[in-house]
C-alpha cells in the first residue's frame, strides 16, 4: 500500500511539473494606469513573451464593466483580426502588434469620461499557456474658473451662524475639491462656529460641478477679513490649484465709544458762521441713531451730521452727541466744547461830530469789545492816517476837518472786522480858496460860470453880489466836509465884476471876479478901383476868430499890436511894388504915386472907403495926403 501511494504521488508530481512548465511559456506586462485628458487619444501597451512566438498565440482585449464582468472588444490570432461589434469602442479602437518586441498597443480615440475603465490584455499560447495584464484608463478634465459670491446684507455679531458666501466650480473631472480661506488661513468645519455645506452635480457630459456654502459666527475682527476659495483638481501626472477673488462681508457690531467733532469751519469759529457737527461711534449697527444736545435743546442728526447756522456767542458751550441702539436701547455719548468768537461794533469817543478850534488838539479813541485781540487802523479819504486805538490830531486846521474811519480787525480770524466813522469840524472864519485866475476875458453875449469854494465852520453863508450891491442867484450850492462850494452863472453883456462874499460868526472873506467882455471884429483888405488885380497876388487880411482869452498881462497885448503894424507895413510895400511895375493901373498907367520930395517913409496905399467913391492916400503915420498926390480914378 505504501508503494501504491508513492506511485500515485510520483505521477501527480509529474503532471504538476508538466502543467507548471506549460503555463510558464507566456508572460504579460502592463502599466498600472494610463492618464489622458478628455477628448485626447489613449494608448494602452501590453508587453508579452511566449515560447510559441507570435504565430502561436491569440490576443484578446477586454474592458471591465461597472458590474465587474468582462466585455471583449478585440480578438486576433495567426489567421484573423476581429473588432467586436456593438461595444462603446467599436468605432474608436485600433490594435497594433510588433512581433519582434512582443508589443501589443490598444489605441482609443476621442476618450470620454465614460471610458475611465479597466482594460485587460489576454495572451494565450497554443500549448494552453495563458497570461493576462490589466491597466486602468484614467480620464481628466480641467474645470472652469471658480466663482465666489458674498452675502450682500450685513451680519450682526449678535446673530448665530450666518451665511458668508458660496463658491462654485463647474465641469471638472474627477470631482474638484473646494477649500475656504479667511485671511490666507484655511477654515475647518466646526459645528458651532463654522459650517461648510458642499453639493455635487453630475452634468450630462459626466463632468462634476461642485458648490460649497460657508456659514459662520462672525466677530468684530471679521469686519476687515477677506474670504476666498481654493479649488484643487487632478490632471495627468499631478494636481493643480485655482483661487477665486476675495470677498468682504459687512459686519455690524455695537459701539463702545462715540466721537463728536466740528467738520467746518476749520480753525476759529466766529459769529455768523455755520457749524457742521459730525458724530461717529466706533461701532456700525444700523439700528443706531444720533442726537445732538446743547443746554437742554436736542437736534436730530441726519446721516450723523447737523448744521447749526448763523451762530452767536450764545451758542458757545458743550455739545453732547448721544448714540442710541434701538434694538438694545443702550446709550453712549461723546462731548465737544465749542467757543464762538465775537467782535462787537466799534465805538468812537467822543461822540461824532466833534468841533475843535483852529490850532487846538483833539484826541479820539476807537474800541470794539472782542473775545480775541484786535488791531485798529484810522483812515481819512481812503488814506491811512494812524494806527492804534487812539487818534491824536494836533494844531487843527481846516485840512484837519473831515470824516475819519476807524477799522477794527482780528488778526487771528479772517473776516472779523468792524468799522465806525468820526467827523471833525474845525471852527474858524471863512477862508475862500483863491482860484488861479480872477480876471477873466469872455466873448460878448456868452455865459460864464463862476465858482467859489469856501472853508470854515460853522458852514459859511455865501452871497454873490455886483458892485451896485445887486445879489446874484446861486445856480449850484453844496456843503462839503470843510465848508461850502457855490457857483453862479452870469451873462456877459459888458465888462462886469462879481463878488463872492462868505461869512459866519467868526468872520468874513470875499473875492472879486473881473470879467472883461471881448468884441471880435473882422478886418478886410480893400483894393483900389483898378483895371485888373490878380486874386493870387493880393489877399485880404483874415480876422482872428472869437476865442475866450484870459488876461495874461499888458506885454502880450503890446506884442500883438506890434505884429499887426508890421503886417500892414508889409502889405503896403507889396502894393507899392506892384504899382511901380505897372501891375496896378491908375488914371495914367505910369504916374508916380509919391511926391517928388517924398522919401521911403512916405509909402502910401490906396484904400477904398465903403461909404464914398473917394480914394484917399494915407501915410504910414495915418496923415491925410494933399489932393495933388491923389490918383485919378480910371
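Every number in this text was worked out from the coordinates using simple rules, so none of it is lab data. The structure displayed is predicted, hence computed values, not measured ones. FYI the Cβ positions are ideal-geometry reconstructions off the backbone, even for glycines, and counts take in every protein chain you see.
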For each of 285, 433, 387, count neighbouring Cβ atoms within 10 Å of the residue's Cβ, then give the residues from fewest to most. 387, 433, 285
Between region 101-126 and region 263-298, what is the separation of their alpha carbon centroids in Å? 82
Distance from region 195-232 to region 305-369 (C-alpha centre basis), Å: 62
Please state the shape class of region 311-381: rounded when a/c is under 1.5, otherwise prolate if a/b exceeds b/c and oblate if not, all from the C-alpha gyration tensor. prolate
Once each part is reduced to its C-alpha centroid, what is the distance from region 74-88 to region 433-479 in angstrom? 144
For a footprinting-style exposure proxy, rank 80, 241 by other Cβ within 10 Å, fewest first. 80, 241
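Semi-axes of the equivalent ellipsoid of region 347-428: what are they in whole Å, largest first, if each equals the square root of 5 times a C-alpha gyration tensor eigenvalue?
For region 347-428, the ellipsoid semi-axes come out as 26, 11, 10 Å.
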For the pair residue 449 and residue 282, the simple spin-label estimate (label points 7 Å beyond Cα toward Cβ) gives in nm 8.1
Going by average Cβ neighbours within 10 Å, how do the peptides 310-323, 167-180 rank, with the highest at the top? 167-180, 310-323
Test of understanding: what is the full-extension gain from residue 58 to residue 520, defined as 0.36 nm times their sequence separation minus their Cα-Cα distance? 150.7 nm
Set the Förster radius R0 to 56 Å, insert the Cβ-Cβ distance between residue 489 and residue 305 as r into 1/(1 + (r/R0)^6), and round the FRET efficiency to 0.05. 0.20
Could you work out the Kirkwood radius for region 22-140, taking every pair of different alpha carbons, averaging 1/r and inverting it, reported in Å? 14.5
Point-to-point label distance, residue 563-residue 497, nm (Cα→Cβ direction, 7 Å offset): 3.1
Sorted by Cβ density within 10 Å, fewest first, the residues 434, 469: 469, 434
Extension reserve of the residue 297-residue 466 stretch, reckoned as 0.36 nm per residue once the Cα distance is removed: 53.0 nm
Modelled label-to-label distance, residue 105 and residue 43, 7 Å Cα→beta-carbon offset: nm? 0.3
With 0.36 nm assigned to each residue of separation and the Cα-Cα distance removed, residue 91 to residue 205 gains 39.1 nm
Could you compute the FRET efficiency for residue 163 and residue 33, with r as their C-beta to C-beta distance and R0 at 41 Å, rounded to 0.05? 0.50
